[in-house]
Amino acid sequence: MADALLGPAEIRELAARLGVAPTKKLGQNFLHDPNTIRRIVAAAGLRPDDVALEVGPGLGSLTLGLVGVVRHVHAVEIDAKLAAALPDTVPSAHLTVHPADALRLRAADLDPAPTMLVANLPYNVAVPVVLHLLAELPALRGGLVMVQKEVADRLTAGPGSKVYGVPSVKLAWYAEAKPAGKVPPAVFWPVPNVDSGLVAFTRRDPPADLDRAAVFAVVDAAFAQRRKTLRAALAGWAGGPDRAEQVLRAAGVSPQARGEALTVGEFAAIAAAAKLSGPGGKLSASARQQEEVDS
Ligand code: SAM
């Protein structure tokens, strides 16, 4: 960690010198509290041989906290003016600045490959950024991100929680996530009108050896109508409520259950059952026989 972190006076002075007027569109709320930076870096559980990926370094508050702690830092910033100024604020041979949109990052853009995502994320794109990076960067072993508190709650919720939904299940596909604390608005400039929360996640093997897109299609369908039973909610996806029921029973999931009660493993079981019972699948033959017996 650099000796001097940025406090309120430095942040204001830096922004004035660069002519930066923070925009809501890019989620620009800059950290000006060294204690919060130290807290984030400590909570991230970084190792000296880690390669950190920071999305949205902004004026460099967190970047200063990361250099020297890890082997290398990649900082990806969409705002060209901020990206250009970063090497002056954080002079380090172990920093690569990428003036780019994090949602378009590819593994080949980042050498050495990042192992940890540590970021105060732009709140409007936080969930898609985390999911995109987990899908795109296989070497990413985990991360610590700051997001809007409600989003932190959603990302770390489990089945049965009121806020459990698509982001919770999709993140659970890749990683185990847990809340890592709350951050008050006062540590940012400008002060946002929401609380922030930290989310720590550790990658794990996916719950099934299945096409991720096929599982995510079930998740999207189940939560598009979260008040409905799965039999009804998955009707469009399956090709009718009867077919949805057949797939659900084959997966060992009650057709009367709702998506909000299912683990990511159960969503995977539904996708697997649909695959088995699809054209050429084993189940389709037995299901056809059953239909013939029934009729
Ligand atoms: N890390 C800095 C801090 O803590 O002070 C700034 C965090 S600020 C919440 C979010 C940053 O993400 C801004 O600098 C913004 O320009 C940048 N940003 C917004 N959308 C982005 C995107 N799609 N890709 C990369 N950076 C983005």
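The values are calculated or read from the model by the stated rules, or taken from the named source; none is laboratory data. Note that the structure is predicted; figures quoted are calculated from it, not measured. Cβ placement follows ideal geometry from the backbone for every residue including glycine, while neighbour counts extend to all protein chains displayed.
A few remarks follow.
- Ala107 being more than 14 Å from the ligand (Cβ to nearest atom) and farther than 26 Å from Lys182 by Cβ: yes
- Taken as a whole, segment 203-219 holds no residue that is in contact with a Ser or Thr (Cβ under 8 Å, 6 or more places away or on another chain) and at pLDDT 95 or above.
- Only one of Ala80, Ala75 that is within 12 Å of the ligand (Cβ to nearest atom), in contact with a Ser or Thr (Cβ under 6 Å, 6 or more places away or on another chain) and without any contact (Cβ under 8 Å) to a residue 40 or more places away in the chain: Ala75
- Beta carbons closer than 9 Å, at least 6 apart along the sequence or on distinct chains, pair a first residue in segment 98-120 that is farther than 15 Å from Leu46 by Cα with a second that is among the basic types (Lys, Arg) for Pro112/Arg71.
- Scanning segment 1-56 for residues that are touching a His at 6+ places or on another chain (Cβ under 8 Å) and surrounded by 20 or more Cβ atoms within 10 Å (Cβ to Cβ) gives Leu6, Ile11, Val51, Ala52, Leu53, Glu54.
- Every pair of residues 6+ apart whose Cβ atoms lie under 7 Å, when the first sits in segment 237-262 and is of a type in the set (Val, Ile, Thr) while the second is in a loop (DSSP other than H, G, I, E, B) and modelled with pLDDT of 95 or more: Val253/Leu262
- Conditions (1) more than 11 Å from the ligand (Cβ to nearest atom); (2) among the hydrophobic types (A, V, I, L, M, F, W, C); (3) under 27 Å from the mean Cα position of the chain (by Cα): number failed by Ala16: (3)
- Among the candidates Thr115, Thr89, residue that is within 12 Å of the ligand (Cβ to nearest atom) and of a type in the set (S, T, N, Q): Thr89
- Residues within segment 52-84 that are in contact with a helix residue (DSSP H, G or I) (Cβ under 8 Å, 6 or more places away or on another chain) and more than 10 Å from Asn120 (Cβ to Cβ), tallied: 16
- Among the residues listed as Pro179, Pro159, Pro138, Pro167, the single one being farther than 20 Å from Leu46 by Cβ, in contact with a helix residue (DSSP H, G or I) (Cβ under 8 Å, 6 or more places away or on another chain) and not in a helix (DSSP H, G or I): Pro159
- Cβ-Cβ contacts under 6 Å between residues 6 or more apart (or on different chains), taken from a first residue in segment 159-175 that is touching a residue at least 12 places away in the same chain (Cβ under 8 Å) and under 18 Å from Lys149 (Cβ atoms) to a second residue that is not charged (D, E, K, R) and not in a helix (DSSP H, G or I), are listed as Val163/Ala157; Tyr164/Ala157; Ser168/Ala157; Leu171/Ala177.
- Selection status of Arg38, basic (Lys, Arg), away from the ligand (no atom under 11 Å from the Cβ) and in contact with a helix residue (DSSP H, G or I) (Cβ under 9 Å, 6 or more places away or on another chain): yes
- Cβ-Cβ distances below 7 Å connect the following pairs, each with a first residue in segment 33-57 that is without any contact (Cβ under 8 Å) to a residue 24 or more places away in the chain, a second residue that is away from the ligand (no atom under 12 Å from the Cβ) and not in a loop (DSSP other than H, G, I, E, B), and a separation of six or more residues or different chains: Pro48/Val70.
- Evaluation of Pro184 against (1) surrounded by fewer than 21 Cβ atoms within 10 Å (Cβ to Cβ); (2) within 18 Å of the chain's Cα centre (by Cα); (3) at pLDDT 95 or above (one fails), failing number: (2)
Yes or no, residue by residue, for (1) surrounded by 13 or more Cβ atoms within 10 Å (Cβ to Cβ); (2) of a type in the set (A, V, I, L, M):
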| position | (1), (2) |
| --- | --- |
| Trp173 | yes, no |
| Gly197 | yes, no |
| Ala200 | yes, yes |
| Ala213 | no, yes |
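- Filtering segment 53-72 to residues that are of a type outside the set (Lys, Arg) and more than 12 Å from the ligand (Cβ to nearest atom) leaves Val67, Gly68, Val69, Val70, His72.
- Selection status of Arg17, over 19 Å from Val125 (Cβ atoms), basic (Lys, Arg) and either touching a strand residue (DSSP E or B) at 6+ places or on another chain (Cβ under 7 Å) or outside the structural domain of Asp109 (by TED's automatic domain parsing) (or both): no
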